[in-house]
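To keep things clear, I will list the structure first and then write my remarks on it.
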Amino acid sequence: MIDKSIIQRATECLQCEAAAIEALIPRLNDSFLHAVQAIRDCKGKIVVTGVGKSGHIGSKIAATLASTGTPAFFLNPLDAYHGDLGMVGSDDLVLAISYSGATEELLRFLPIIQAKQICIIGISGNDESLLARYSDIHLNIAVDHEADPLNLIPTASTTATLALGDALACALVEAKHFQPTDFAQLHPGGDLGRKLLAKVEDVMFTDNLPFLTPEMLMKEAIEIVTNGTLGIGIVLKNDQLVGIVTDGDIRRAMQRLGQSFFSTPVSEIMSCNPKTINRNAKIVEAGETMNHYSIHSLVVLNNSAKVCGVIDSFSCLPGTRFYH
């Protein structure tokens, strides 16, 4: 049995880190706004730098910025002394992280940046630190104490730094009017990128489509709909879409017509003016249309308004494989 004190300690850790994040909110002041503006207006890249745990957090912040449309990369100050300084251009901006604000390796790096007249945004827990003095803009992430029992391990402070980095990224999404499609362009291999960038033709069903005619009797039509496994029958007249027959249409008609159902023509059962979508539309558009009309599938048309497939709601879900 695990000692309850262990659970209590873990609870206190989470409470401490949550409090560290909450304490950042009153500090979202003019300095934060200036930092967002400076990053938004940067003509080059955001160079995030830090040592040790701050470096690990900085690497994640750089990745988050890059993924939300702000070009950024992480640079270890130690590497900068050995050739990587050439990665920093005059149009760049440096985001320097050190909780103490006194990390020697970082402080040796910053005067070189200053000499290049590059804007420095410093993140530390001390407004009077050397890092704060070197910075054009300083963001304070001070915490009352770390979350570990010894008050030594970077825990609450690194959590606060990470959260502030996320806050910068989220604020920049707003300031730059970053859209889901912009995100998708930067994440073409992910589920969201696939959902937002892929076209209807990439996921639509094209084989053995359940075609019906208006004159066909439901005795024959119901077999075609069943074998089609899509839950609909596509009604064509002279190769033009004139309606669909859904599972719901069939159930309601059977209940209404009884035994005469099987001798009833499709034209009396079908739903006219079915919802359609062009094969070149994005699958996210197909999903939005189906959600809006509370339907589970759409007939897909080509540029000549001819039926070329069917897309269902499952095909619009992230993670669904392509059929082509």
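For every residue, the table says whether it meets (1) at pLDDT 95 or above; (2) closer than 20 Å to PRO154 by Cα.
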{"position": "ASP3", "(1), (2)": "no, no"}
{"position": "GLU12", "(1), (2)": "no, yes"}
{"position": "ALA19", "(1), (2)": "yes, yes"}
{"position": "ALA62", "(1), (2)": "yes, yes"}
{"position": "THR68", "(1), (2)": "no, no"}
{"position": "ASN76", "(1), (2)": "no, yes"}
{"position": "ALA80", "(1), (2)": "no, no"}
{"position": "GLY89", "(1), (2)": "no, no"}
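Can GLY122 be described as open to solvent by less than 50 Å² (accessible area, probe 1.4 Å) and touching a Ser or Thr at 6+ places or on another chain (Cβ under 6 Å)? It is true that GLY122 is open to solvent by less than 50 Å² (accessible area, probe 1.4 Å) and touching a Ser or Thr at 6+ places or on another chain (Cβ under 6 Å).
In summary, SER294 fulfils each of the numbered conditions (1) of a type outside the set (Phe, Trp, Tyr); (2) surrounded by 12 or more Cβ atoms within 10 Å (Cβ to Cβ); (3) at positive phi with the single exception of condition (2). Each residue in region 42-74 was checked for being closer than 22 Å to ILE112 by Cα and charged (D, E, K, R), and 2 of them qualify. For region 86-119, a residue qualifies if it is open to solvent by less than 10 Å² (accessible area, probe 1.4 Å), among the polar types (S, T, N, Q) and not in a loop (DSSP other than H, G, I, E, B), but none of them does. Of all the criteria given as (1) touching a Pro at 6+ places or on another chain (Cβ under 8 Å); (2) farther than 20 Å from THR206 by Cα, the one not satisfied by GLN255 is (1).
I need a count of the residues in region 37-85 that are open to solvent by 70 Å² or more (accessible area, probe 1.4 Å) and part of a helix (DSSP H, G or I). Spell out how you get there, then give the answer.
Here is the first cut: in region 37-85, the ones open to solvent by 70 Å² or more (accessible area, probe 1.4 Å) are 37, 40-41, 43, 45, 53, 56, 60, 71, 78-79, 82.
Okay, now just the ones that are also part of a helix (DSSP H, G or I), so 37, 40-41, 53, 56, 60, 78-79.
The total comes to 8.
The set of residues from region 125-136 being open to solvent by 60 Å² or more (accessible area, probe 1.4 Å) and either among the basic types (Lys, Arg) or more than 11 Å from LEU93 (Cβ to Cβ) (or both) comprises ASN126, ASP127, GLU128, LEU130, ARG133, TYR134. Considering region 143-169, the residues that are among the hydrophobic types (A, V, I, L, M, F, W, C) and without any contact (Cβ under 8 Å) to a residue 24 or more places away in the chain include one that is nearest to ILE7 (Cα to Cα), namely LEU150. Taken over region 212-239, residues that are in contact (Cβ under 8 Å) with a residue 40 or more places away in the chain, farther than 12 Å from SER297 by Cβ and not in a helix (DSSP H, G or I) amount to 8.
Among the candidates VAL310, VAL299, VAL242, single out the residue that is open to solvent by 40 Å² or more (accessible area, probe 1.4 Å), part of a strand (DSSP E or B) and touching a strand residue (DSSP E or B) at 6+ places or on another chain (Cβ under 6 Å). It is VAL242.
The values are calculated or read from the model by the stated rules, or taken from the named source; none is laboratory data. Not measured: the values here are computed from a predicted model. FYI the Cβ positions are ideal-geometry reconstructions off the backbone, even for glycines, and counts take in every protein chain you see. Each accessible area value is taken on the protein alone, full model and side chains, heavy atoms only, with ligands, DNA and RNA left out. Shrake-Rupley method; radii C 1.70, N 1.55, O 1.52, S 1.80 Å.
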